[in-house]
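The values are calculated or read from the model by the stated rules, or taken from the named source; none is laboratory data. Bear in mind that the values here come from a model prediction, so they are computed numbers and not experimental data. Neighbour counts run over all protein chains shown; Cβ positions are idealised from the backbone, glycine included. Heavy atoms of the whole protein, side chains included, go into the accessibility calculation; ligands, DNA and RNA do not. Shrake-Rupley method; radii C 1.70, N 1.55, O 1.52, S 1.80 Å.
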Amino acid sequence: LNAFVLFLCEAPFCCQFVEFANAVSARADRLRPWHKAAFYCGMAAFPVMLSLTLTTLFGNAIAFATGVLYGLAALGKKGDAISYARIHQQQKQMDEEKLTGSLEGQA
């Protein structure tokens, strides 16, 4: 069932014989990446909780991996090194100002 739902949402061309495949795929495409991540990971975790066997784990690994990839996509792109260096420099400067202010308050 999980594989069928995954095929309906991600690859509707594999389910051309199902009349509602394009409608399900269109609805799944409108979801945000973190919604898809939660749905796929939950869809994969449910059978594992019911019956923890090796075949259940392997059978739901693809759905869970798809959810993890959508979760990573929801986090967004990694920033560039220049912006990280600028943020680090600003935080260092603020820490030095706090340290200087606390030393002046003690004197």
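Below are the figures for this structure:
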quantity: Charge context of residue 71, other residues only, Cβ under 12 angstrom, K/R +1, D/E -1; calculated: +2
quantity: Diffusion constant of segment 31-105 at 4 °C, which comes from Stokes-Einstein with the Kirkwood Cα-pair radius and 1.567 mPa s, µm²/s; calculated: 82
quantity: Rel. contact order, % - alpha carbon contacts under 8 angstrom, at least six apart, the chain; calculated: 23
quantity: Extension gain, residue 10 back to residue 85 (0.36 nm per residue minus Cα-Cα distance, nm); calculated: 23.2 nm
quantity: Solvent exposure ordering (accessible area, 1.4 Å, most first) of 10, 97; calculated: 97, 10
quantity: Efficiency of FRET from Cβ geometry, residue 2 and residue 23, R₀ 22 Å, rounded to 0.05; calculated: 0.70
quantity: Local net charge near residue 39, Cβ-Cβ under 14 Å (Lys/Arg +1, Asp/Glu -1); calculated: +2
quantity: For peptides 65-77, 44-56, sequence by mean Cβ density within 10 Å, most packed first; calculated: 65-77, 44-56
quantity: Estimated [θ] at 222 nm from DSSP helical runs (n ≥ 4, -39500 (n - 2.57)) normalised by residues in the chain, nearest 500; calculated: -26500 deg cm²/dmol
quantity: Percent accessible area from carbon and sulfur atoms, the chain, protein chains only, probe 1.4 Å; calculated: 65
quantity: Accessible surface, the chain, averaged per residue in Å² (probe 1.4 Å); calculated: 79
